[in-house]
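Visitor: My questions all concern the structure below.
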Amino acid sequence: MKTQELRPFVAGQFAQGDRRTTRVAVEQEFLVADTATGAAVPIDRVRRAAGTAYALPYLAFEPGGQLELSLPCAPDSATLTSTLCALTDDLAQRLATDGIRLDAVPCDPRLEHEVPLQLTTPRYVAMHRHFDAIGPAGRRMMRRTASTQICLDWWPGQAGAEQWQVLNLAGPFLAARFARSSGREGRLST
């Protein structure tokens, strides 16, 4: 979309209203590795090992088999953090009994292991082809990175428009501040 088309759309998202909440949600991704070999783990093996984990309703996967927890909104960040920690601890314990480790790192340090494309939906196959045509960074991003994504409620009216603006301006600085990887192989450079 062009900026002229995008502005009215964004402005419409902040229509006047009387509610201003502080709900927050998170999507937390983890790299998954076999504890004995360090190799990538097939998604089906991770699903079986997760069994009846409390996190099961929120479990999803990324193209390289990265595990994703997409939690619903919580009333505040303290509640969300507590829930994420409890679900992650339970899940990690269940996976460990099957020799699977969760790594909360932004970029896969196991460069000696190939990470196959595990999700082969048309979308991911098309992305894979496109990225391979322009260089290695796309393949690395799809298969070897994990992130934390925070979702915040939008506030109504002018406060929401200001919130949108502040978050967009702060984004690059927050990414740089909390980046746990740098250099050519880091998440930001990917």
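Visitor: Quick one: which residues, 5+ away or cross-chain, put their amide H under 5 Å from the amide H of Ala74? H built at 1.01 Å from N.
Guide: Val24, Ala25
Visitor: How long is the gain from Leu111 to Ala78 if the chain were fully straight, where each residue apart is worth 0.36 nm and the alpha carbon distance is subtracted?
Guide: Numbers: separation 33, 0.36 × 33 = 11.88 nm, distance 3.57 nm.
That works out to 8.3 nm of additional length.
Visitor: Right, next: Can you list the trypsin sites (Lys or Arg not before Pro) in the stretch 12-112 that are in a DSSP coil and have 11 or fewer other beta carbons within 10 angstrom?
Guide: Values: sites: Arg19, Arg20, Arg23, Arg45, Arg47, Arg48, Arg94, Arg101, Arg110; in loops: Arg19, Arg20, Arg23, Arg110.
Passing sites in the stretch 12-112 are Arg19.
Visitor: Here's something else I'd like to know. Can you compute the equivalent ellipsoid semi-axes for the stretch 16-95, i.e. the square root of 5 times each eigenvalue of the Cα gyration tensor, sorted largest first and rounded to whole Å? Before the final figure, lay out the partial values.
Guide: Working: eigenvalues 173, 33, 20 Å².
After diagonalising the Cα gyration tensor, the semi-axes are 29, 13, 10 Å.
Visitor: Same structure again: What FRET efficiency comes out for the pair Arg129/Thr21, r = Cβ-Cβ distance, R0 = 30 Å, nearest 0.05? Mind showing how you got there, number by number?
Guide: On the way: r = 42 Å, r/R0 = 1.39.
Once rounded, the FRET efficiency stands at 0.10.
Visitor: Taking a ≥ b ≥ c as the square roots of the Cα gyration tensor eigenvalues, with a/c under 1.5 meaning rounded and otherwise prolate when a/b beats b/c, else oblate, which class fits the stretch 61-151? Provide the component values of the computation, followed by the final result.
Guide: On the way: a/c = 2.37, a/b = 1.62, b/c = 1.46.
Since a/c reaches 1.5 and a/b is larger than b/c, the shape of the stretch 61-151 is classed as prolate.
Visitor: Plugging the Kirkwood radius over Cα pairs into Stokes-Einstein for the stretch 75-118, at a temperature of 25 °C and a viscosity of 0.890 mPa s, what D comes out in µm²/s?
Guide: Numbers: Rh = 12.9 Å.
Here the translational diffusion coefficient equals 191 µm²/s.
Visitor: Could you sort the peptides 111-122, 166-177 by per-residue average Cβ neighbour count (10 Å cutoff), highest mean leading?
Guide: Details: 111-122: 13.0, 166-177: 10.2.
For the peptides 111-122, 166-177, the packing ranking is 111-122, 166-177.
Visitor: Taking the Kirkwood radius as the inverse of the mean 1/r across Cα pairs, report the Rg/Rh of the stretch 35-190.
Guide: Details: Rg = 17.5 Å, Rh = 17.7 Å.
When Rh is taken as the Kirkwood radius, the ratio is 0.99.
Read-outs throughout are calculated quantities, based only on the coordinates presented, and are distinct from any laboratory measurement. Predicted model only: the values in this text are computed from it and were never measured. Methodologically, a virtual Cβ is constructed for each residue, glycine included, from the backbone with ideal geometry; neighbour enumeration extends over all protein chains shown.
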